[in-house]
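*Asks:* Dropping a structure here in structure tokens format, bear with me for questions.
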Amino acid sequence: MAKVKIYVTLKDGVLDPQGKTVQFALDKMGYKNIDSVKMGKYIEIDTKNDGKDLKKEIDEICDKLLANPNIEKYTFTIE
Amino acid sequence: MVKFGVVVFPGSNCDKDCLWAIKDITGEKADFVWHESKDIMKYDVIVLPGGFSYGDYLRTGAIARFSKVMYAVQKFAVKKNKMVVGICNGFQILLEAGLLPGAMLVNKNLKFISKFIHLSVENNKTAYTNKCVKGQVLRVPIAHGEGNYFCDEKTLNSLIENDQVVFRYCDGQGKINVDSNPNGSLYNIAGIMNKKGNVMGMMPHPERAMSARLGSVDGNLVFQSIVNHVKKYL
């Protein structure tokens, strides 16, 4: 058994209206040190595959479904 | 008569409007095609209608692109060069499926926008606009939360160079600028087609602008152009 924690975020340079809005709200609340806020998705997968090919399989899952390579990038950790 | 297949995904909600627009207003043949069907080669045109296929989970269109019918649609479009039209969620599905370039982001103002907008016909030498003149202004509604078209610079340049931009958001006088862009779309893009011209996606809803009672008849031009094209060339 392995637990995979996947983070999908917008690529640099892609407009992030949600992040911008949260940043604006934080600024209004008085948090003046914040330079940028980026919104993304967090996906957790439990899998029976704990072998060497797990990383390859997760890459495949991310490329095919979980992230859209036109606008998004992803990172993940395996526990 | 031209035969249209209107795909029904779980969560489609403009399928009936499309069927009505094609059959009752345009006077052609149309059937619903269930998303598990692969039997679509008998149709001249496949329409992917608007709605919220699979609840828009993950990303709009991201799950729908893996439904059985979409494998058939890939073959229909790429191998057989037959016509596929995606409207709103249908456009989002075509992007996710890679049948059209680019992706959709959340609207710039973060709101679901449902209102009449104006479209400029950027290219009238297409299967979807041959009944229009270049620069003609159409009044058609939009209804979406994620219609903020995005692609990289290289893709945008190639879309422009190859005349693949079909519709752009404009004002009532046909002016294309930031103020007439409802959702933040790059280059005010409202509709694009592939290089071969047999696959087109647009965010606005021509099927909701088919009768004066609905506030506009301009959507007729899109469906009539498609019918005209099919009768002439296929």
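The values are calculated or read from the model by the stated rules, or taken from the named source; none is laboratory data. The shown structure was predicted, so the numbers you read here are calculated from the model rather than taken from an experiment. When we count neighbours, we look across all protein chains shown, and the Cβ atoms used for this are built from the backbone with ideal geometry, even at glycine. Surface accessibility is based on the protein's heavy atoms, side chains included, excluding ligands, DNA and RNA. Shrake-Rupley method; radii C 1.70, N 1.55, O 1.52, S 1.80 Å.
*Asks:* Helix A:17-28 versus the longest principal axis of chain A: what is the Cα-based angle in degrees, 0 to 90, to the nearest 10?
*Replies:* Tilt relative to chain A: about 50 degrees.
*Asks:* A further question follows. What accessible area per residue comes out for the protein assembly as shown, rounded to a whole number of Å², with a 1.4 Å probe?
*Replies:* 49
*Asks:* Please list, ordered by chain and number, the residues whose modelled amide H lies under 5 Å from the amide H of B:Lys108; skip anything fewer than 5 residues away on the same chain.
*Replies:* B:Gly184
*Asks:* If you don't mind, another one. Assign unit charges at the C-beta atoms only (+1 for Lys and Arg, -1 for Asp and Glu), then state the dipole size of the protein assembly as shown relative to its Cα centre in Debye, rounded to the nearest 20.
*Replies:* Dipole size: approximately 720 debye.
*Asks:* Next question. How much accessible surface does B:Val106 have with a 1.4 Å probe, in Å² rounded to 10?
*Replies:* Per-residue accessible area (B:Val106): approximately 30 Å².
*Asks:* Based on the inverse mean of 1/r over its pairs of different Cα atoms, what is the Kirkwood hydrodynamic radius of the protein assembly as shown, in Å?
*Replies:* Radius from the Kirkwood sum: 20.4 Å.
*Asks:* Restricting the calculation to Cα positions, tell me the Rg (one decimal) and the Dmax (whole number) of region B:96-205 in Å.
*Replies:* Just the Cα atoms of region B:96-205 yield Rg and Dmax of 12.8, 35 Å.
*Asks:* Further question: With every protein chain left in place, what is the accessible area of B:Trp34 in Å² (1.4 Å probe, nearest 10)?
*Replies:* Its heavy atoms expose roughly 130 Å² to the probe.
*Asks:* Can you give me the distance in nm between label points at B:Gln173 and B:Leu214, each placed 7 Å from the Cα along the Cα-to-Cβ direction?
*Replies:* So the label points at B:Gln173 and B:Leu214 sit 3.0 nm apart.
*Asks:* May I pose another question? Looking at the calculated P(r) for region B:22-135, what percent of the C-alpha pair distances fall above 20 Å?
*Replies:* Counting every Cα pair in region B:22-135, those more than 20 Å apart make up 50 percent.
*Asks:* Next question. Could you estimate the translational diffusion coefficient of region A:2-78 from the Stokes-Einstein equation, with Rh from the Kirkwood formula over C-alpha pairs, at 20 °C and 1.002 mPa s, in whole µm²/s?
*Replies:* Reported coefficient: 152 µm²/s.
*Asks:* Using amide H atoms built 1.01 Å from N in the peptide plane, name the residues 5+ places from A:Lys11, or on other chains, whose amide H lies under 5 Å from its own.
*Replies:* The list, which skips near neighbours in sequence, is A:Glu72, A:Lys73.
*Asks:* Now a separate question. Select from region B:71-101 all residues whose loss of accessible area on going from the chain by itself to the full protein assembly reaches 10 Å² or more (probe 1.4 Å).
*Replies:* Going by heavy-atom accessible area, the residues of region B:71-101 that drop by at least 10 Å² are B:Glu96.
*Asks:* Let me ask something additional. Tell me the Kirkwood hydrodynamic radius of region B:122-177 in angstroms, computed as one over the mean inverse distance between distinct C-alpha pairs.
*Replies:* 12.9 Å is the Kirkwood radius here.
*Asks:* Something else now. So what is the relative contact order of region A:2-78, in percent, for Cα pairs below 8 Å that sit 6 or more residues apart?
*Replies:* 54
*Asks:* Can you figure out the FRET efficiency of A:Gln18 with B:Tyr233, using R₀ = 45 Å and their beta-carbon distance, to the nearest 0.05?
*Replies:* So the FRET efficiency works out to roughly 0.55.
*Asks:* For region B:193-234, what ratio Rg/Rh do Cα atoms give with a Kirkwood hydrodynamic radius?
*Replies:* 1.05
*Asks:* With just the Cα atoms of chain B, tell me how far they stretch along each of the three principal axes, in Å, largest first.
*Replies:* So the extents along the principal axes, rounded to whole Å, are 44, 36, 35.
*Asks:* Enumerate the amide H contacts of B:Phe32 below 5 Å, restricted to partners 5 or more residues apart or on another chain; note that Pro and chain-start residues carry no placed amide H.
*Replies:* B:Val6
*Asks:* From the residues B:Gly11, B:Val140, B:Gln224, which one has its Cα farthest along the dipole of chain B in the positive direction, the dipole being from +1 and -1 charges on Cβ of Lys/Arg and Asp/Glu about the Cα centre?
*Replies:* B:Gln224
*Asks:* Just grab the label-to-label distance for A:Thr75 and B:Ile160, each label 7 Å out from Cα along the Cβ direction, in nm (one decimal).
*Replies:* In this crude spin-label approximation the distance works out to 3.5 nm.
*Asks:* Say R0 is 41 Å: what FRET efficiency, to the nearest 0.05, do B:Phe116 and A:Tyr31 get from their beta-carbon distance?
*Replies:* 0.55
*Asks:* Quick one: plug the Kirkwood hydrodynamic radius of region B:63-129 (C-alpha pairs) into Stokes-Einstein at 10 °C, 1.306 mPa s, and report D in µm²/s.
*Replies:* Value of D from the Cα-based Kirkwood radius: 113 µm²/s.
*Asks:* Just read off the accessible area of A:Ile61 with the full protein assembly in place, 1.4 Å probe, to the nearest 10 Å².
*Replies:* 60
*Asks:* For chain A, modelled as a GNM with alpha-carbon contacts under 10 angstrom, which of A:Asp63, A:Asp12, A:Asp27 fluctuates the most?
*Replies:* A:Asp27
*Asks:* Between region B:1-38 and region A:14-42, what is the C-alpha centre distance in whole Å?
*Replies:* 42
*Asks:* Given the rule -39500 (n - 2.57) for each run of at least 4 DSSP H residues, summed and divided by the residues of chain A, what is its mean residue ellipticity at 222 nm, to the nearest 500 deg cm²/dmol?
*Replies:* For chain A, the value works out to -7500 deg cm²/dmol.
*Asks:* Would you mind calculating the relative contact order of region B:67-223 from Cα pairs under 8 angstrom and at least 6 residues apart, reporting the percent as a whole number?
*Replies:* 28
*Asks:* Sticking with this one: What residues does region B:103-129 have that are buried by at least 40 Å² of accessible area in the full protein assembly compared to the chain on its own, 1.4 angstrom probe?
*Replies:* The answer is B:Ala103, B:Leu105, B:Leu110.
*Asks:* In sequence order, what are the phi-derived ³J(HN,Hα) couplings for region B:188-203 according to the Karplus relation 6.51 cos²θ - 1.76 cosθ + 1.60 with θ = phi - 60°, rounded to whole Hz, with x for glycine and proline?
*Replies:* Values, residue by residue: 6, 5, 10, x, 9, 10, 7, 4, 6, x, 9, 10, 9, x, 9, 6 Hz.
*Asks:* Hey, another quick one. When the Karplus curve 6.51 cos²θ - 1.76 cosθ + 1.60 is applied with θ = phi - 60°, which whole-Hz ³J(HN,Hα) does each residue of region B:178-186 get, with x for Gly and Pro?
*Replies:* Per residue, the Karplus-derived 3J(HN,Hα) values read 4, 5, 9, 9, x, 10, x, 3, 4 Hz.
*Asks:* If you don't mind, there's one more thing I want to ask. Excluding ligands, DNA and RNA, what is the accessible area buried between chains B and A, summed over both sides, using a 1.4 Å probe, to the nearest 100 Å²?
*Replies:* Summing both sides, the interface buries roughly 1300 Å².
*Asks:* Apply the Karplus curve 6.51 cos²θ - 1.76 cosθ + 1.60, θ = phi - 60°, to the phi angles in region B:123-132 and return the couplings in whole Hz, x for Gly and Pro.
*Replies:* 9, 9, 9, 10, 5, 10, 9, 5, 8, 10
*Asks:* Filter B:Lys125/B:Lys175; A:Lys64/B:Lys115; A:Lys73/B:Lys115; B:Lys3/B:Lys154; B:Lys80/B:Lys232 down to the pairs with a C-alpha to C-alpha distance above 25 Å, please.
*Replies:* A:Lys64/B:Lys115; A:Lys73/B:Lys115; B:Lys3/B:Lys154
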